[in-house]
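The values are calculated or read from the model by the stated rules, or taken from the named source; none is laboratory data. What you see is a predicted model, and the numbers here were worked out from it, not measured in a lab. Counting neighbours? That spans all protein chains shown, and the Cβs are built from the backbone with ideal geometry, glycine included. All accessible areas refer to the heavy atoms of the entire protein, side chains included, with ligands and DNA or RNA removed. Shrake-Rupley method; radii C 1.70, N 1.55, O 1.52, S 1.80 Å.
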Amino acid sequence: MGRHFLQIPGPTNCPDEVLRAISAPTIDHRGPTFAAMGTRILEAVKPVFGTTNPVVIYPASGTGAWEAALVNTLSPGDKVLAFETGHFATLWKTMATELGLVVDLVPGDWRHGVDTDVLAERLAADTGHEIKAVCAVHNETSTGVTSRIGDVRAAMDAADHPALLLVDTISSLGSIDYRHDEWKVDVTVAGSQKGLMLPPGLSFNAVSDKAIAASEQATLPRSFWDWKPILAANEKGMWPYTPATNLLYGLEVALEMLADEGLENVFARHQRWARATRAAVEAWGLEVLCQDEREHSGALTAVLVPEGVDADAVRALILDRFDMSLGAGLSKLAGKVFRIGHLGSFEDLSLVGTLGGVQMGLNLSGVPIKQDGVQAALEVLEQR
Ligand SMILES: *Cc1c(COP(=O)(O)O)cnc(C)c1O
């Protein structure tokens, strides 16, 4: 009975309004009703990226939009600078290598965001401007660390370097402050199933004028991902192939909800849940993975378990006893952390329930914790 607690950091819980919209009958994607809706959505999606430029929408998971960002802007053998902030940054690097790009991956400890000092050094050393793109993951979903993209841009400007800036916001868009135009990002990659509160199946490329100009020269093979025919069809609110019609119904409603609330309020409530969660973790006597006060994620918190404890066993017990799914530690963090998602359709009392489930699960797993965690979170949530 009751509701499954899906507290992984994506896919997230969808608001009932969104689910109801998605359940409407599918319509003709070449007809006038669809075209009017497509035109509305392509405008309404821009503010959430902080852009007035076009946003390309794909019927694909976020991984597809990663590929789209690379193949539209780069050519075989192009040099790309990337940062090993965690699992997702590493996967994007692997994809870039497989596509024929030459990636310089700056090593990281998975507890910090993009190191802007190293970025500045690499750019300063690249006097021949061989680096064609800088890739950064805004919110590393594997670690709960949010890179400071404004500072990344500042380092690129200070070096007066012409590289494109490509940013993955798959788990931050719609939950953490993000500004495509202000930070002069060239391609922003996003997905539907995290902050945007939709099921999986849509992904996005917000594109700058500079990115569109680069796409005229770029020679990596592309067909399905090619921006050009999509942008042309989008002029009339259409797509060159069958779009994910029902997910677009949901997207229109989700964008309306975010706009009605005001993005600043949306970002603030995620930061507040993150603060409450950290208060609980500290009061249990456990450690948050993120080590930089400026970089705590508003979307999720990764919690280190003590040496000798298997985080996956704790998660399995919590699922079995309390019907709650928490995020697993990915690749080198497997078994060492669990991740609490506090994004998507969510509210204070769901956070209390989530943290209550975690506290009970830690106790039942025999993890030595102090019993003050939930209380510490309540004290944060009692504040306005
Ligand atoms: C979820 C996620 C991805 C992968 O997206 P899919 O939709 O699973 O393809 C990539 N990057 C980040 C930061 C993510 O959180």
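A few comments on the model shown:
- Apart from one condition, GLU84 fits all of (1) within 16 Å of the ligand (Cβ to nearest atom); (2) at pLDDT below 95; the exception is (2).
- The residues listed here are ASP186, ASP181, ASP157, ASP226; of these, the one that is out of contact with any helix residue (DSSP H, G or I) (no Cβ under 9 Å at 6 or more places or on another chain) and either at pLDDT below 95 or away from the ligand (no atom under 16 Å from the Cβ) (or both) is ASP157.
- Filter result for VAL358 (open to solvent by less than 10 Å² (accessible area, probe 1.4 Å), among the β-branched types (Val, Ile, Thr) and more than 18 Å from GLY195 (Cα to Cα)): yes
- Screening GLU252 on (1) more than 15 Å from the ligand (Cβ to nearest atom); (2) in contact with a strand residue (DSSP E or B) (Cβ under 8 Å, 6 or more places away or on another chain) shows it passes everything except condition (2).
- On the stretch given as segment 115-145, residues that are of a type in the set (Ser, Thr, Tyr) and free of Cβ contacts under 8 Å to residues at least 40 places away in the same chain total 2.
- The listed residue being modelled with pLDDT of 95 or more, polar (S, T, N, Q) and farther than 19 Å from THR169 by Cβ, out of SER75, SER147, SER142: SER75
- ALA213 being open to solvent by less than 20 Å² (accessible area, probe 1.4 Å) and hydrophobic (A, V, I, L, M, F, W, C): no
- Test for ASP160: is it assigned to a loop (DSSP other than H, G, I, E, B) and farther than 18 Å from SER297 by Cα: yes
- Selection within segment 288-335 - closer than 25 Å to GLY195 by Cα and part of a loop (DSSP other than H, G, I, E, B): LEU289, CYS290, GLN291, ASP292, SER297, GLY298, ALA299, ASP323, GLY329, LEU330, ALA334
- The single condition from (1) open to solvent by 60 Å² or more (accessible area, probe 1.4 Å); (2) touching a strand residue (DSSP E or B) at 6+ places or on another chain (Cβ under 8 Å); (3) away from the ligand (no atom under 16 Å from the Cβ) that HIS112 fails is (3).
- Every residue from segment 67-81 that is within 13 Å of the ligand (Cβ to nearest atom) and either open to solvent by 10 Å² or more (accessible area, probe 1.4 Å) or among the polar types (S, T, N, Q) (or both): GLU67
- Output for segment 278-333, where each listed residue is β-branched (Val, Ile, Thr), closer than 17 Å to ASN139 by Cα and crowded, with 24+ Cβ neighbours inside 10 Å: THR301, VAL303
- Filter pass, ARG339 being over 16 Å from PRO9 (Cβ atoms), modelled with pLDDT of 95 or more and in contact with a Leu (Cβ under 9 Å, 6 or more places away or on another chain): no
- Test: VAL187 is closer than 30 Å to ASN246 by Cβ, β-branched (Val, Ile, Thr) and either assigned by TED's automatic domain parsing to the domain that holds ALA44 or surrounded by fewer than 24 Cβ atoms within 10 Å (Cβ to Cβ) (or both): yes
- In this structure, PRO221 does not satisfy being open to solvent by 30 Å² or more (accessible area, probe 1.4 Å), within 16 Å of the ligand (Cβ to nearest atom) and modelled with pLDDT of 95 or more.
- Residue within segment 367-378 that is open to solvent by 60 Å² or more (accessible area, probe 1.4 Å), in a helix (DSSP H, G or I) and either farther than 25 Å from VAL137 by Cα or out of contact with any Gly (no Cβ under 9 Å at 6 or more places or on another chain) (or both) present: yes
- Members of segment 1-22 found to be over 19 Å from the mean Cα position of the chain (by Cα) and either closer than 23 Å to GLY356 by Cβ or open to solvent by 30 Å² or more (accessible area, probe 1.4 Å) (or both), listed by number: MET1, GLY2, ARG3, HIS4, PHE5, ASP16, GLU17, LEU19, ARG20, ILE22
- Criterion: away from the ligand (no atom under 16 Å from the Cβ) and modelled with pLDDT of 95 or more - qualifying residue of LEU123, LEU99: LEU123
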